[in-house]
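Everything on this sheet refers to the single structure shown next.
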Amino acid sequence: MACVLETPLRMSVLSEVTASSRHYVDRLFDPDPQKVLQGVMLLYLLQQETSSTELRTECAVVLGSLAMGTENNVKSLLDCHIIPALLQGLLSPELKFIEACLRCLRTIFTSPVTPEELLYTDATVIPHLMALLSRSRYTQEYICQIFSHCCKLRHWHSCGFKSSPQPLLCANGPDHQTILFNHGAVQNIAHLLSSTSYKPAVRPLRIRSIWVLRSPTVRMQALKCFSVLAFENPQVSMTLVNVLVDGELLPQIFVKMLQRDKPIEMQLTSAKCLTYMCRAGAIQTDDNCIVLKALPSLVRMCSKERLLEERVEGAETLAYLIETDVELQRIASITDHLIAMLSDYFKYPSSVSAITNIKRLDHDLKHAHELRQAAFKLYASLGANDEDIRKKIIETENMMDRIVNGLSESSIKVRLSAVRCLHSLSRSVQQLRTSFQDHAVWKPLMKVLQNAPDEVLVVASSTLCNLLLEFSPSKEPILESGAIELLCSLTQSENLALRVNGIWALMNMAFQAEQKIKADILQGLSTEQLFQLLSDSDVNVLMKTLGLLRNLLSTRPHIDQIMSTHGKQIMQAVTLILEGEHNIEVKEQTLCILANIADGTTAKELIMTNDDILQKIKYYMSHSNAKLQLAAMFCISNLIWNEEEGSQERQDKLRDIGIVDILHKLSQSSDPNLCDKAKTALQQYLA
């Protein structure tokens, strides 16, 4: 609803508020929207400069109570532009009024319906909040909470795991971390982690210093601030690692906060800070504060003794910590029987009586999805690289059944995590041949790929790539289920990761495939789309497309068949790539495709009748890069092989353009591969 702020209020309303705010508070949560609106009208009073500080403070308090109601309450307040009004209130010289405005702002910004960008619209707001940090323990607490909830990342890695529980994504422009960092967030918040604070106290004729205990709440909120500032941010993390507080470096303070006598929330958040600094490269993965402190603490959070919420957060943070480091994965896998411990995450809701334990059952139901999601994430990280760990995971009680069930869950987060776990385990050749086949995981996986969001499609299609490898028993049934059409459609996606995975899976599918499968791929992809992919600006798409072509153009009958129908377009594409500004790997792959074409019975004539291509092969034989020279040599070897019909004519033509001279030079090469290949080719001329 929209409110016109200029409309004056009746004096009766003003009297009602000043007489007793209780009457208003009773109305704030009334189901009647008109009565709730009366609470929103308090906003007028907040902005009346003629009102007393006490009245304006009380209005801010009551508005804060309203914001604690439903999300619709918050939306109504936002529609009435409460945030600019409260931010204006922060300019007041009265501390109590400032604290009340900050408390209300904190409540509003912690609501999921409030856009974080509203804090950054006016460039003067952040520096003013930094200046207010030192006013009182309440300004410290509220401002840290506001920063923690309004510090979102602008980017997200779609191909990786990135399992952190941190909220993500903000609007375009400088990301929130950078804005806060540039306005001195690290320096202004670091001293709040100190266990003591300096408080000047005025006494007659003199001023003396008093050191008082810092509020645990303030320390906790400061710690949370650092966790969101450090996440995926090398600049902040590198700065934090060198910050001194009371003569100690921040990592040392974080380690102290991991001690078991500290509140669990503090232990978890400290572990997060160390985890994020480690992942950002500011702390080495073999540092004792990670191996001996953060990692064991996070494993401890996964135990039955912890609350369900703590177990979820501990598992997700641990998954993020070990995601890319093999040694940390191995250490975690043998710490406190973690792999077996995680199986308990799937046992909620428990089978307690719904009559005698209704509250427990409701609590378990609420967190059951989160627990399964966290367990799948952590299993995915644990099994990312080590075959022995994967084997232990799969041998865990009913593991494959749980994954299969997870792929069909109603919660998209659980489905995504289950697919990630499956993807991690699918890197095992042994498991692809055994457990994956026994449980027919390809069936639910193919269902997941139907009309799923991109984030699920990316991981599911990555998994499908592995299931389509030549040695996978799942390859044939996947083909029969219509995978070619699905994968061809992925190659047309605007999402880069999906294009890569679509063409990658087709490449795996084409490896040593039958002629019919290759024909179906070419028909499903269409010549136009194939060459669209060969013109893609992303090198990964280009490389996988070249890999697909190379697999399609294998075995002579297949080469001749494909080149008889698509030869002109393929030769044109090869020419464009060899002439273009591409890296060594791309050009090497392209020359290998030419070598395959040269191995065809009739297809090789498409090279021999193309003087432009022959000159390019000659050019790359004399290239400074040995890989390109060797790939070009394979083309020549296949063209001049004596045992094949027409070899003499091809040898003569290649001699005329100077190929033999280059072969003689290469036969003296210091590179043994080039030397041997050149000598073998020369023998074909002598035979």
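Numbers for the structure displayed
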{"read-out": "Residues that are under 15 Å from residue 323 (Cα atoms) and open to solvent by 10 Å² or more (accessible area, probe 1.4 Å), drawn from the range 260-277", "value": "272"}
{"read-out": "Qualifying residue in the range 641-660 (condition: more than 22 Å from residue 606 (Cβ to Cβ), among the acidic types (Asp, Glu) and either in a helix (DSSP H, G or I) or touching a residue at least 12 places away in the same chain (Cβ under 8 Å) (or both))", "value": "no"}
{"read-out": "Close pairs from the range 520-533: first under 12 Å from residue 573 (Cα atoms), partner assigned to a helix (DSSP H, G or I) and of a type in the set (Gly, Ala, Ser), Cβ under 7 Å, at least 6 apart", "value": "531/573"}
{"read-out": "Residues of the range 233-252 satisfying the condition of being surrounded by fewer than 23 Cβ atoms within 10 Å (Cβ to Cβ), β-branched (Val, Ile, Thr) and part of a helix (DSSP H, G or I)", "value": "239"}
{"read-out": "Residue in the range 258-268 that is closer than 30 Å to residue 365 by Cβ, in a helix (DSSP H, G or I) and of a type in the set (Val, Ile, Thr) present", "value": "yes"}
{"read-out": "Where a residue in the range 618-638 is without any contact (Cβ under 8 Å) to a residue 60 or more places away in the chain and of a type in the set (Gly, Ala, Ser) and its partner, wherever it lies, is open to solvent by 40 Å² or more (accessible area, probe 1.4 Å) and in a helix (DSSP H, G or I), with Cβ under 6 Å and at least six apart", "value": "631/588"}
{"read-out": "Candidates 681, 603, 632, 595, filtered to the one that is assigned to a loop (DSSP other than H, G, I, E, B) and crowded, with 20+ Cβ neighbours inside 10 Å", "value": "603"}
{"read-out": "Total residues in the range 117-149, condition aliphatic (A, V, I, L, M), assigned to a helix (DSSP H, G or I) and under 30 Å from the mean Cα position of the chain (by Cα)", "value": "5"}
{"read-out": "Some residue of the range 488-510 being part of a helix (DSSP H, G or I), open to solvent by 50 Å² or more (accessible area, probe 1.4 Å) and of a type in the set (D, E, K, R)", "value": "no"}
{"read-out": "Index of the failed condition, residue 69 passing every other in (1) modelled with pLDDT under 90; (2) on the phi < 0 side of the Ramachandran plot; (3) open to solvent by 50 Å² or more (accessible area, probe 1.4 Å)", "value": "(3)"}
{"read-out": "Residue 57 vs. criteria open to solvent by 20 Å² or more (accessible area, probe 1.4 Å), among the hydroxyl-bearing types (Ser, Thr, Tyr), part of a helix (DSSP H, G or I) and on the phi < 0 side of the Ramachandran plot", "value": "yes"}
{"read-out": "Qualifying residue in the range 540-548 (condition: hydroxyl-bearing (Ser, Thr, Tyr) and touching a Leu at 6+ places or on another chain (Cβ under 6 Å))", "value": "yes"}
{"read-out": "Some residue of the range 535-556 being surrounded by 18 or more Cβ atoms within 10 Å (Cβ to Cβ), more than 32 Å from the chain's Cα centre (by Cα) and in a helix (DSSP H, G or I)", "value": "yes"}
{"read-out": "Qualifying residue in the range 499-511 (condition: closer than 25 Å to residue 433 by Cβ and without any contact (Cβ under 8 Å) to a residue 12 or more places away in the chain)", "value": "no"}
{"read-out": "Residue 444 out of contact with any Lys or Arg (no Cβ under 8 Å at 6 or more places or on another chain), surrounded by fewer than 16 Cβ atoms within 10 Å (Cβ to Cβ) and either under 22 Å from residue 486 (Cβ atoms) or of a type in the set (Gly, Ala, Ser) (or both)", "value": "no"}
{"read-out": "Flag if residue 471 is out of contact with any helix residue (DSSP H, G or I) (no Cβ under 6 Å at 6 or more places or on another chain), within 27 Å of residue 557 (Cα to Cα) and either of a type outside the set (Gly, Ala, Ser) or open to solvent by less than 10 Å² (accessible area, probe 1.4 Å) (or both)", "value": "yes"}
{"read-out": "Helices (runs of 4 or more DSSP H) (entirely within the range 370-478) containing at least 1 residues that are within 17 Å of the chain's Cα centre (by Cα) and of a type in the set (A, V, I, L, M, F, W, C)", "value": "412-425, 454-467"}
{"read-out": "Selection status of residue 138, aromatic (Phe, Trp, Tyr), touching a Cys at 6+ places or on another chain (Cβ under 8 Å) and surrounded by fewer than 22 Cβ atoms within 10 Å (Cβ to Cβ)", "value": "no"}
{"read-out": "Yes/no for residue 464 being of a type outside the set (Gly, Ala, Ser), open to solvent by less than 10 Å² (accessible area, probe 1.4 Å), more than 18 Å from residue 394 (Cα to Cα) and touching a residue at least 40 places away in the same chain (Cβ under 8 Å)", "value": "yes"}
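The values are calculated or read from the model by the stated rules, or taken from the named source; none is laboratory data. Keep in mind that this is a model prediction, so the values were computed, not measured. Reconstructed Cβ throughout: ideal geometry from the backbone, glycine too, with neighbour counts over all protein chains shown. Ligands, DNA and RNA are stripped out before the accessible areas are found, and what is left, the full protein with its side chains, is counted by its heavy atoms. Shrake-Rupley method; radii C 1.70, N 1.55, O 1.52, S 1.80 Å.
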